[in-house]
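What follows draws every value from the coordinates through simple rules; no lab data is involved. Fair warning: this is a prediction, and the values are worked out from it, not measured in the lab. Every residue, glycine as well, gets a Cβ built from its backbone with ideal geometry; the counts of neighbours run over all protein chains shown.
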Amino acid sequence: MREKKTPHTRLHIVKQMVSQGKLRVTANAFDGAALLGFSFPLAVSIASLINSLKPYDFYKSRAAYHDRTIWHDVYRVGRHQRQIYLKLIVQGDVLIVSLKKR
């Protein structure tokens, strides 16, 4: 598996896309957010989480298993008194791949 220590997509671009409404949230991410105690509506809480990310929250980028040209940017953040992994793929719009307890 290919990994790198810099984000594939710069954080300010991710946040800009979220502010433009270019956000898609997977069913798994919705489930993860609900299990972690995020408030409803979940999409708003997830967007808020993304907008609160700082460059130091970045953990790693890694290529997707099924397509090595697609990169997952992984962030580790502390929210709701828990550590959370947030994986983002940017392809035209922001796609939340997963959101789970660390």
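General observations
- Taking Val44, Val18, Val77 as the candidate residues, the one with maximal mean-square fluctuation in a Gaussian network model of the chain, Cα springs under 10 Å, is Val44.
- The charge dipole of the chain, taken about its Cα centre with unit charges on the Cβ of Lys, Arg, Asp and Glu (plus for the first two, minus for the last two), comes to roughly 380 debye.
- Relative frequency of Cα-Cα separations exceeding 14 Å in region 48-102, percent: 53
- Hull volume per residue, based on the alpha-carbon atoms of the chain and their convex hull, is 94 Å³.
- 20 Å Cα-Cα reach of Lys4 towards aspartates and glutamates, excluding residues that sit fewer than 8 places from it in its own chain: Asp57, Asp67, Asp73
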